[in-house]
Amino acid sequence: MLTYAFKRTLTALPVLWIAITVCFFVLRLAPGGPFDGERPMPPGIKANLDAHYNLDKPLIQQYAIYIGNVLKGDLGPSFTTEDFSVAEQISIGLPYTLILGAAAFVVSILLGVLAGIIGALKRNSWSDHTLAALVLLGLVIPNFLMAPILQLIFGIELDWLPVGGWGDGSLRYLVLPVAVLSFPHIARISRLMRGTMIEVLNSNFIRTARSKGLSSTPIVMRHALRPALMPVMSYLGPAAGYLLTGSLVVEQIFGLPGIGRYFINAALNRDYGMVLGTVIFYMIVILILNLIVDLLYAWLDPRVRAQ
Amino acid sequence: MTKLLSVKDLHVDFATEDGTVNAVRGINCHINPGECLGVVGESGSGKSQTFLAAMNLLSKNGKARGEINFKGQNLLDLPLKELNKIRGSSISMIFQDPLTSLTPHMRVVDQMREVLKFHQKLSGTEADKKCLEWLERVHIPEAKRRLRQYPFELSGGMRQRVMIAMAMLCNPDLLIADEPTTALDVTIQAEILDIMDELRREQGTAIVMITHDMGVVARMCDRIQVMRHGEYVEEGAVDDIFSNPQTEYTRMLLDAMPRIDAPRDSETKPVKEPAKDHFLNVDNLKVEFNIFNGLFARKSVLKAVDGVSFDLAKGETLGIVGESGSGKSTLARAILRLLSTSEGEVSWLGSDLIGMNADQMKKARQDLQIVFQDPMASLNPSMTIGSSIMEPLRIFAPELSREERRAKVEAIMDRVGLPKSMINRYPHELSGGQNQRVGIARAVIMNPKLVICDEAVSALDVSIQAQIIDLLRELQKDMGLSLIFISHDLSVVRNISDRILVMYLGNVVELATSDALFDNPQHPYTKQLISAVPIPDPEVERTRKRLKLKGELSSPLDSAARLRFMPSKSEVLNNAQKSDYRPRLIDHGDNHFVAEHDPIETLLVNE
C-alpha cells in the first residue's frame with residue numbers, strides 16, 4: 001500500500017511541473033505587470049523594481065530561476081505586498097480556507113450519500129421527488145446568487161446566523177458559507193449515489209443476500225454501500241477542485257480571510273509570484289486528495305488492492 | 001408422504017411500460033422431502049420466476065398471486081420479517097451466475113458468517129469452524145485459505161461451491177438451484193452436480209433443479225415438471241418422461257437436444273488431405289498478450305494461443321472445442337486478423353494472410369466472415385437489422401443501386417428465414433434466435449468461402465439452437481461454405497463437424513474426425529471432457545462413470561500447466577525447460593493426431 005502511494009506521488013510530479021509551466025507562461029501573456037498602475041511610475045524606479053524581482057531578465061531565464069526556487073521549496077516574494085513572501089501570505093490565509101473547505105467536503109459527502117441512499121430506497125416516492133427538486137435547485141443556482149439569498153433569509157430576515165465574517169471562529173459563522181459551498185456537491189453526489197445504489201440493489205449479489213434472509217439494513221450497509229460508493233469516489237477528486245475554486249467566491253462574499261481573497265487580488269494586480277504560489281499550493285492539495293481517493297478505492301474494492 | 005412445498009395456482013405478473021406481462025400463469029406443483037425435482041423449459045417459460053416468487057425475490061415490478069405452502073405457511077402472505085427466518089435457513093437458493101452472485105468486497109468467511117449469525121446466533125470460532133467444515137464438504141481445496149479470500153480470487157466453479165456451502169450452512173429442507181451449472185465448463189459442471197447429489201443423499205435436502213439442459217435432468221432428478229410460456233406442460237417421473245413423453249412440446253425438447261453419444265445425422269464427408277487443398281492452412285500460430293500488473297510492475301506474458309497448426313479443406317466443417325481459457329475464440333479472431341498474432345503463419349488460398357496490406361486484407365475479408373456468440377450485443381443497437389445486413393454490400397459492392405441492395409437484403413433475409421417485414425426493425429425488437437439469423441445473413445450476404453461461428457448457438461434455447469444449426473448446414477450445402485464451428489458444447493460440435501480440434505490452454509491436444517474423436521478418444525483430457533457431458537437419458541446416465549483427472553484447469557499464465565497430462569516429463573525438466581516444452585502432436589494414422597501424454601491410469605484421481 002505504501003509503495004503504491006509512493007508510486008502515485010512520483011507520477012504526480014510531472015503533472016505538477018507541466019501545470020506550473022503552463023501557468024507561468026500564460027500569466028506572462030496577460031497584458032500589464034505588477035507595477036503598472038493608473039499613474040505610470042518613473043522609469044528609473046520601475047527599472048529598479050524590475051531588476052529586484054528579476055523581471056528584466058529574459059522570460060526563459062526567469063522561468064529557470066522560478067523553477068529552481070520552487071524545487072528548493074521557496075515560492076518567492078509577493079510582488080505587491082511588501083515584506084511578505086508568498087509562503088507567508090498563504091500560511092496566513094490557509095487555516096480559514098482549510099476549515100471552510102474541509103467542512104464543506106465532509107458535509108457534501110455525508111449529506112450527498114445519505115440523500116442518494118434515501119432516493120434509491122424510496123424510489124419514486126414523494127421524498128425522492130422532493131430530493132430531486134432540491135438537487136435541481138442546487139445545480140442551477142450559482143453560488144454568488146445562492147449566497148446573498150441565504151444571507152438575506154437567515155442573516156437578515158430571520159436573524160439566526162451572522163451575515164458574514166469569521167467572528168470568533170465559532171460554528172455559527174461557518175454555517176452559511178459551508179452551505180453555499182457544499183450545496184451543488186450535495187446535489188451531484190446524491191444523484192450519482194442514487195443511480196449507482198439503484199443499480200447495485202438490482203445486482204445478483206444483493207439477490208443472494210436477500211435469499212440468505214438478511215434484512216434491508218445489513219443488505220444496504222454491508223453489501224450495497226461500498227460498491228455503490230465507487231463512482232462517488234471518482235467524483236471526489238474533481239469535487240475537491242471545485243470546492244477550492246468555489247471557495248474563492250464564497251470567501252469574498254462572506255468576507256472570510258482565507259487564501260481566496262489574496263488569490264483574487266493577486267490575479268487582478270498581476271502579482272505573478274502570489275498567483276503561481278497559490279496555484280501550486282491548490283494543485284498539491286488536489287493531488288493529495290486524489291491520492292487519498294485512490295487509496296479509498298483500494299479499500300472499497302479488493303480487486304484494486306490485488307493489482 | 002407430506003409435501004414439503006406445494007405451489008397452487010401461482011400467477012406472476014410484471015408491470016412493464018408495454019403493459020402487464022404474465023410470466024407465470026396458474027402453475028401447480030409440489031416437491032416431496034428429499035427428492036430432486038427438475039423444472040425444465042426454455043427461456044421465458046417462467047421456471048425461474050416461479051421459484052423466485054416463492055423466495056420473494058422477484059424484481060420490483062413483479063407481483064405473485066396464488067399460494068405457495070411450506071410447512072403450513074403460505075410464503076406469499078408472510079411478512080418479510082417472518083419470511084427472512086425461512087430464507088437462507090430452511091429454504092436456500094443458488095443462482096446461475098456464480099461470478100456475480102457473491103458480494104465482491106466481502107471475504108468468503110464474512111459472507112458465510114452472516115448467515116450463521118442471523119439464523120443460528122452463532123459467531124466467533126464456532127461459526128468459523130462450521131464455515132470451514134462446509135467448504136470442505138463441497139470439496140474446496142485448501143479450504144482454510146479460501147475462507148480469507150475474496151470472490152474474485154476464486155474460479156467460477158470454486159465460487160459456485162462457495163454458494164452451495166453457504167446455502168447449506170443451516171441444513172435447509174429445500175435447496176432451489178436456478179441453472180446452477182449453466183455458466184460453467186462441462187468438467188466443472190460434472191463436479192458441481194456430483195456435490196449436489198452427494199448432499200442430497202447425505203443431508204436429505206430436497207432439490208429443485210431449474211434447468212434447460214435435459215442431460216442435467218437425466219443425471220440428477222427423480223421427477224420432472226415441464227413448463228412453457230408460464231404454463232404447465234407435463235409432469236412425471238424422470239424415466240416416464242424420457243421414455244414416453246405425453247406432449248408434443250416435451251418430445252420436441254428431447255429431440256432437439258443434441259446427444260454426445262449419437263452419431264452425426266448428416267453424411268460424413270470423406271476426409272481428403274486438407275493440407276494439400278491450399279484453402280486455409282494455419283501453421284504454429286501464436287497469440288500472446290502482455291499483462292501488466294500495476295503501473296511499474298513487470299509484465300507477464302499470457303500465451304492465449306500457443307503454437308496451433310491445422311488445415312481446413314474447402315467445404316469442410318472443423319469443430320473447435322475447449323473449456324474457457326483454452327484460447328479457441330482467440331484463435332478464431334487471430335485467423336481473421338481481428339487480433340494481431342505474435343508468431344506463425346496463416347495461409348489463405350495459398351497466400352500469406354498475416355502479411356497482407358490493408359487493401360489486400362479488405363478484399364480477403366469478403367470471403368472470411370464470422371458470427372459471434374451474443375447475437376444481440378454483436379449487432380449495432382442503433383441500426384435497423386436491414387442496414388446491418390446491408391453494410392457488407394456498401395463496403396464490397398458500392399456499385400449497386402439502392403434498389404438492388406434492398407432486393408439482395410430481402411433475398412438473403414428470406415434465405416435465413418427472416419420475414420421481409422422485419423427489415424426496419426431494431427435488434428432489441430427481435431428474439432435471440434432471430435438476431436442470430438441476422439448475424440448469419442450479414443455474414444453470408446457476400447457469398448464468403450469461410451464462416452467462423454464463435455459460440456454462435458451457445459446463448460440460444462435448444463429448439464432454436466437446432467434450427468440455427470440446420471440453417472448453417474443448408475447454407476453450407478447451397479453455397480459450398482467452409483465452417484469453423486467453435487463451441488464449449490461437445491454435443492453440438494459432434495453433430496455438425498467433420499473433424500474436431502480439442503484445445504487445452506492454447507495448445508491442441510487432439511485432432512481427429514468427429515466419429516473417431518468421440519468413439520475412440522485418445523487423449524486423457526478429451527476422454528474427461530466427453531465423460532463429463534451429461535446424456536439426456538436417465539438410464540444411460542445412472543450407469544455412466546465420470547473420469548476424474550488430477551489437478552484442475554489452471555491459468556494460461558502458468559507455463560507449467562501445459563504439462564498437466566505429462567507429470568513424468570514435468571518431473572525431469574527444470575523450470576525454464578518446463579515453460580518451453582510443448583507436448584508434441586503425434587500422428588496415430590487416419591488423420592488422428594494426439595498430443596503426447598502419460599498413460600491415463602497414472603492421471604486418474606484415486607478414489
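The values are calculated or read from the model by the stated rules, or taken from the named source; none is laboratory data. This is a predicted model, so every value here is computed, not measured. Backbone-built Cβ (ideal geometry, glycine too); neighbour counts: all protein chains shown.
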Residues of segment B:366-410 being assigned to a helix (DSSP H, G or I), under 23 Å from B:GLN476 (Cα atoms) and not basic (Lys, Arg), in sequence order, are B:ILE385, B:GLY386, B:SER388, B:ILE389, B:MET390, B:GLU391, B:PRO392, B:LEU393, B:PHE396, B:ALA407, B:VAL409, B:GLU410
Flagged in segment B:166-192 as outside any loop (DSSP other than H, G, I, E, B), over 21 Å from B:LYS47 (Cβ atoms) and under 23 Å from the mean Cα position of the chain (by Cα), in numbering order, are B:VAL186, B:THR187, B:ILE188, B:ALA190, B:GLU191
Requested in this report: Look at B:ALA54 and say whether it is over 30 Å from B:LEU116 (Cα atoms) and either surrounded by 21 or more Cβ atoms within 10 Å (Cβ to Cβ) or among the hydroxyl-bearing types (Ser, Thr, Tyr) (or both).
Outcome: no
query: Before we move on, is A:PRO177 buried (at least 17 other Cβ atoms within 10 Å of the Cβ), modelled with pLDDT of 80 or more and in contact with a Lys or Arg (Cβ under 7 Å, 6 or more places away or on another chain)?
result: no
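Each row is one residue, and each column tells you yes or no for (1) touching a residue at least 60 places away in the same chain (Cβ under 8 Å); (2) surrounded by fewer than 22 Cβ atoms within 10 Å (Cβ to Cβ); (3) not in a helix (DSSP H, G or I).
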site: B:GLN160; (1), (2), (3): yes, no, no
site: B:MET227; (1), (2), (3): yes, no, yes
site: B:TYR232; (1), (2), (3): yes, yes, yes
site: B:GLY236; (1), (2), (3): no, yes, yes
site: B:PHE242; (1), (2), (3): yes, yes, no
site: B:TYR249; (1), (2), (3): no, yes, no
site: B:LEU253; (1), (2), (3): yes, no, no
Given the conditions (1) assigned to a helix (DSSP H, G or I); (2) under 29 Å from the mean Cα position of the chain (by Cα), every one holds for B:LEU418 apart from (1)
Of the residues in segment A:53-66, those that are exposed (fewer than 14 other Cβ atoms within 10 Å of the Cβ) and either at pLDDT 75 or above or among the aliphatic types (A, V, I, L, M) (or both) number 6
Item to complete: Within segment B:326-345, identify whether any single residue is surrounded by 15 or more Cβ atoms within 10 Å (Cβ to Cβ), among the charged types (D, E, K, R), farther than 30 Å from B:LYS420 by Cβ and more than 29 Å from the chain's Cα centre (by Cα), and answer yes or no.
Response: yes
Of those in segment A:204-224 that are surrounded by 19 or more Cβ atoms within 10 Å (Cβ to Cβ) and over 18 Å from B:ALA167 (Cα atoms), the residue nearest to the other protein chains (Cβ to nearest Cβ) is A:ALA224
Checked segment A:235-259 for anything hydrophobic (A, V, I, L, M, F, W, C) and under 9 Å from the mean Cα position of the chain (by Cα); matches are A:ALA239, A:ALA240, A:LEU243, A:LEU244
Given the structure, is B:ARG65 under 29 Å from the mean Cα position of the chain (by Cα), basic (Lys, Arg) and assigned by the TED database to the domain that holds B:GLU202? no
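Determine, yes or no, whether A:PHE281 is touching a helix residue (DSSP H, G or I) at 6+ places or on another chain (Cβ under 7 Å) and either within 9 Å of chain B (Cβ to nearest Cβ) or modelled with pLDDT of 85 or more (or both).
Working: touching a helix residue (DSSP H, G or I) at 6+ places or on another chain (Cβ under 7 Å): yes; either within 9 Å of chain B (Cβ to nearest Cβ) or modelled with pLDDT of 85 or more (or both): no.
So A:PHE281 fails the test.
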How many residues of segment B:203-243 are within 21 Å of the chain's Cα centre (by Cα), under 17 Å from B:SER45 (Cβ atoms) and of a type in the set (A, V, I, L, M, F, W, C)? The answer is 7
Among helices (runs of 4 or more DSSP H) entirely inside segment B:65-139, those with 2 or more residues being modelled with pLDDT under 90 and more than 8 Å from every other protein chain (Cβ to nearest Cβ) are B:124-137
Considering only helices (runs of 4 or more DSSP H) wholly within segment B:481-575, the ones with at least 2 residues that are touching a Leu at 6+ places or on another chain (Cβ under 6 Å), on the phi < 0 side of the Ramachandran plot and outside the structural domain of B:GLN467 (by the TED database) are B:524-532, B:567-572
